[in-house]
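Input: a single structure, listed below in structure tokens.
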Amino acid sequence: MLLRFSEKRIVMASALLLPVAVLIGMLVHTPLAMSVSVAVIGLLVGPLFPVAISRAGRSDPSRAASMAAKVSVIGYIAHLAGPPFIGLAAEAVSLPVTFTLVIVLATLGIGVAARERRAGSPERTGR
């Protein structure tokens, strides 16, 4: 996918389509809808980690390995700590409210990251 579309388009598409996929999974109460929603979410989130690693490496080429390691650590912490925090929040309020909060925050974060243009970071032109 990264060969066909620019990083910015991939990040923006994820930021726009993730809330839709989560809302469909939450609002249509069928196992098929939830399965499709989870699959679409996986397809949208999958390319974001390689994009983040790539952008981190380009942000300071003299410390590319260190920057990529920092992004990896943040990703692993989110991967391990995210589900328990979502579970605790869901117990405190409700699962739909928690998912809504998570998707709003994630979409804002992805949108801010997509708009962030670092000086000297080449952006591949895509379709």
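Among the residues of the range 87-101, those identified as surrounded by 13 or more Cβ atoms within 10 Å (Cβ to Cβ) and farther than 16 Å from MET34 by Cβ are ALA89, LEU101.
Anything in the range 19-48 that is surrounded by 17 or more Cβ atoms within 10 Å (Cβ to Cβ), more than 27 Å from ALA69 (Cβ to Cβ) and modelled with pLDDT of 85 or more? List them, or say none. Let's see the steps before the verdict.
Step one: list which residues in the range 19-48 are surrounded by 17 or more Cβ atoms within 10 Å (Cβ to Cβ), which gives 21-22, 25, 37, 40-41, 44, 47-48.
Those left that are additionally more than 27 Å from ALA69 (Cβ to Cβ): 21-22, 25, 37, 40.
Scanning the range 19-48 gives ALA21, SER37, VAL40.
With the condition kept exactly as written, say whether any residue in the range 49-59 is modelled with pLDDT of 85 or more and aromatic (Phe, Trp, Tyr). Scanning the range 49-59, I find at least one residue that is modelled with pLDDT of 85 or more and aromatic (Phe, Trp, Tyr), so the answer is yes.
Once the range 7-18 is narrowed to residues that are of a type outside the set (D, E, K, R) and either surrounded by 15 or more Cβ atoms within 10 Å (Cβ to Cβ) or on the phi > 0 side of the Ramachandran plot (or both), the residue that is modelled with the highest pLDDT is LEU17. If you go through the range 33-75 and keep only what is in a loop (DSSP other than H, G, I, E, B) and closer than 18 Å to GLY109 by Cβ, you end up with GLY46, PRO47.
A single member of SER62, SER14 is small (Gly, Ala, Ser) and closer than 20 Å to THR98 by Cα, and it is SER14.
Condition first: among the hydrophobic types (A, V, I, L, M, F, W, C) and in contact (Cβ under 8 Å) with a residue 40 or more places away in the chain. Now tell me which residues in the range 35-48 satisfy that.
LEU48, the sole residue that qualifies.
Of the candidates VAL20, VAL11, the single residue that is in contact with a Leu (Cβ under 9 Å, 6 or more places away or on another chain) and of a type outside the set (S, T, N, Q) is VAL11.
Give me a count of the residues in the range 7-34 that are touching a helix residue (DSSP H, G or I) at 6+ places or on another chain (Cβ under 7 Å) and without any contact (Cβ under 8 Å) to a residue 12 or more places away in the chain.
Initial filter on the range 7-34 (touching a helix residue (DSSP H, G or I) at 6+ places or on another chain (Cβ under 7 Å)): 7-8, 10-12, 14-15, 17-19, 21-22, 24-26, 33-34.
So of that shortlist, the ones also without any contact (Cβ under 8 Å) to a residue 12 or more places away in the chain come out as 33-34.
So the count comes out to 2.
The values are calculated or read from the model by the stated rules, or taken from the named source; none is laboratory data. Please read these numbers as outputs of a predicted model, since none were measured by experiment. Note that we place each Cβ from the backbone using ideal geometry, even for glycine, and neighbour counts take in every protein chain shown.
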